[in-house]
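Below you'll find the structure, written out as C-alpha cells, and then a few comments.
The values are calculated or read from the model by the stated rules, or taken from the named source; none is laboratory data. From a predicted model like this one, the values you see are computed outputs, not experimental measurements. Virtual Cβ from ideal backbone geometry, glycine too; neighbours counted across all protein chains shown. Remember, those area values only see protein heavy atoms, side chains included, never the ligands or the DNA or RNA. Shrake-Rupley method; radii C 1.70, N 1.55, O 1.52, S 1.80 Å.
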Amino acid sequence: MQFAYAKNGATVKADALIVPLFEGAASFKDYAYGDKLKKLFPKDDFDGKAGQTLVLPANSAVSATRVVLLGLGKRAKASAQSFGEALAGFFRGGNKFKHVAIALDSVVGLKNTGAEQVGRWAAEGVLLGGYSFDVLITKKDKKKQQATKITLAGGPEAQLKKGVAYGSATAEYTAHARDLVNEPSNRINPATLSKFAQDMARKIPGLTCKVLKKADLQRLKMGALLAVNAGSDIPAHVIILEWKGGTKTEKPIAFVGKGLTFDSGGYDIKPAAGMLGMKMDMGGGAATIAALGAIAKLKLKVNAVGIVPTTENLINGSAYHPGAVITSMSGQTIEIGNTDAEGRLALCDALTYTQKNYKPRVIVDMATLTGAQVVALGGKCVGLMTNDDKLAKSLEESFDAVGENCWRLPLHDFYDKQLDTPIADMKNIGGNPGTITAGLFLQRFIDEGQKWAHLDIAGPAMNDGEGFRLWAARSATGSPVRSLVQFAETYK
Ligand code: BES
Ligand code: MN
Ligand code: ZN
C-alpha cells in the first residue's frame, strides 16, 4: 500500500474521495467544497451515523470519480479512533477503487486528537479493515479487491506521515499474526512457525531469533512441553525473539505465547465441532511473534523478549496418557487430569525458562487457553489475570488506547486448592471457573515477586462474526498485537 499526501481533497484525481462527516447536515461546512457536494443526494439518504457509508458518482465539486460519504457519528463523541473504525468498516467490504483519497478536514481538528493520531488510525483502519486471507484462493474474482494507493488530503503532512509510519507498522505485523492464525495446520506447524519467526527477524535490523530444538528441550528438562509433544511426529520447538532497544542494564519485558499449531485434545479427544477450529490454538504465539516484530520495526526504546513454546497436540502411539504424571522444568510434578488441558503444560515450561534466563521486569503470557473464557467474556473481550494491580491498570489502559477490550478476572487462592491431587504436586485441571483455575495453574510456575499477567484470548483470537472495530470478518483478529505494542511503549 502506498500512502501519498495532498493539501486539498477536492483536487485529487482519485477513483474515490472519502468524505468523513459527522451526524447533522452542518458538518458539510467542514469542507470548502461541502455545499457543492451536498447537492449530490437527497436530504434523507445520509445522516452521518457512525459507520454509515454512501457511494455516489461525483459532481464538479471534486476531481475524483466517486464520492464516499463516511459517517462518524456525533462530533462530540468522535475521535481518531472512531474515524479509523469507520474507515475499517468501509474497507472491510472490499471495492474496486485502486486510488482512494481521504479528506481529513473534519477529523484533524477534533478535540483530543492530533494529526499524528489521525494518520495512525487512518493507516490501521485501511490496512486492517481491508485485510483478507486469500493466499489459498486461486480464483482471482473470489479475492477481496483493495486499493493500492491512499492519498490523505487536508492535514499537516509531517504529522500525518509520522502517524502513518506507526500505524502501517502495527497493521503490517497484526496482519502477519492474522495470517499465521488463518493458515491451516498442514501449512503452519512448529517447524514452519519457527521458520516464519526466523525469516521475520532476519528482515528487521537488531531483532534476533533463536529456536530451541527438541534435543535442547530434553536437555533443559521441559517435561511438560515434551509430554504434549509426545503424540506428534513433528518435534516441539521454543522460539525466542529478542529486541534490545533499551539500556544495557534494563531487564526486558517478556511476552510468552501459546503456540499449539493444532489441538486435537489428545486422548481426551475433542468432538468434531470443537476440533475444527483448532488451527487457531497458536494465536498467543502468533501475537507474541508479531508484537516483537512491530516493536523492533518501530525501534521502541525498550528491551523485550518473545518466547513461544510450539507443538501439536495429537495422538500417535506415543501420545501422553490421561493419568500420566510428568515432571515440569520447574521440578514440580503434574498429574494429567485431561490431555486437552495442554496449553498450560506448554506454557509452564516456557514461563520457567523465561524467568531463569531473563529475570524479566514483567511477564505477559497470552493463550487461547480455555473454552470457559469464551463463555465468560465472549469473542470481543480478553480475560486478564495478574498478580499486580499496577500491571492490570497498565494493560487495561493499553487495550483501551488501541480499541481492544480486556476484563480482569480474580486469582482467588481458594480456587487454587482445586489443582491439588494426592499423587503429585498438582493436576492440570482444576474444574470451574475454568479460566481462573487455568490462570492459577500458571501462577504456580511464577517466582515470588515476579510481576506477571496472563491473557486468555480463546474468544478474541478469531472473529467469527461480521467484523468488529478493525477486525476482518470471519477470520483471525491479530488481537492483542496492537495492545502489546502500546503496552511495551508505555509500561513503566
Ligand atoms: N485450545 C483449547 C481452548 C479453546 C477452546 C480455545 C475453544 C478456543 C476455543 C484448550 O487447549 C482446551 O482444550 N481447554 C480445555 C481445558 C479443559 C480440558 C480443562 C477447555 O477449555 O475445554
Ligand atoms: Mn486443548
Ligand atoms: Zn489448546
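Here are a few things to note about the model shown:
- When we screen GLU85, GLU124 for residues that are assigned by TED's automatic domain parsing to the domain that holds LEU160, open to solvent by 10 Å² or more (accessible area, probe 1.4 Å) and touching a residue at least 24 places away in the same chain (Cβ under 8 Å), the only hit is GLU85.
- Within the stretch 361-389, the set of residues being within 11 Å of ligand 1 (Cβ to nearest atom) and free of Cβ contacts under 8 Å to residues at least 40 places away in the same chain comprises just one member, VAL375.
- Subset of the stretch 446-466 (residues that are of a type in the set (A, V, I, L, M, F, W, C) and open to solvent by 10 Å² or more (accessible area, probe 1.4 Å)): ILE446, ALA458, MET462
- Pair list, Cβ under 6 Å, 6 or more apart: the stretch 464-477 residue outside any loop (DSSP other than H, G, I, E, B), other residue surrounded by 13 or more Cβ atoms within 10 Å (Cβ to Cβ) and among the basic types (Lys, Arg): ALA476/ARG178
- In this structure, ILE436 does not satisfy being within 16 Å of ligand 2 (Cβ to nearest atom) and β-branched (Val, Ile, Thr).
- Unmet requirement for LYS203, which otherwise passes all of (1) in contact (Cβ under 8 Å) with a residue 24 or more places away in the chain; (2) out of contact with any Ser or Thr (no Cβ under 6 Å at 6 or more places or on another chain): (1)
- So LEU440, is it more than 30 Å from GLN117 (Cα to Cα) and either within 23 Å of the chain's Cα centre (by Cα) or hydroxyl-bearing (Ser, Thr, Tyr) (or both): no
- Among the residues making up the stretch 10-56, those that are over 33 Å from the mean Cα position of the chain (by Cα), within 19 Å of THR151 (Cα to Cα) and open to solvent by 50 Å² or more (accessible area, probe 1.4 Å) are THR11, LYS13, ALA32.
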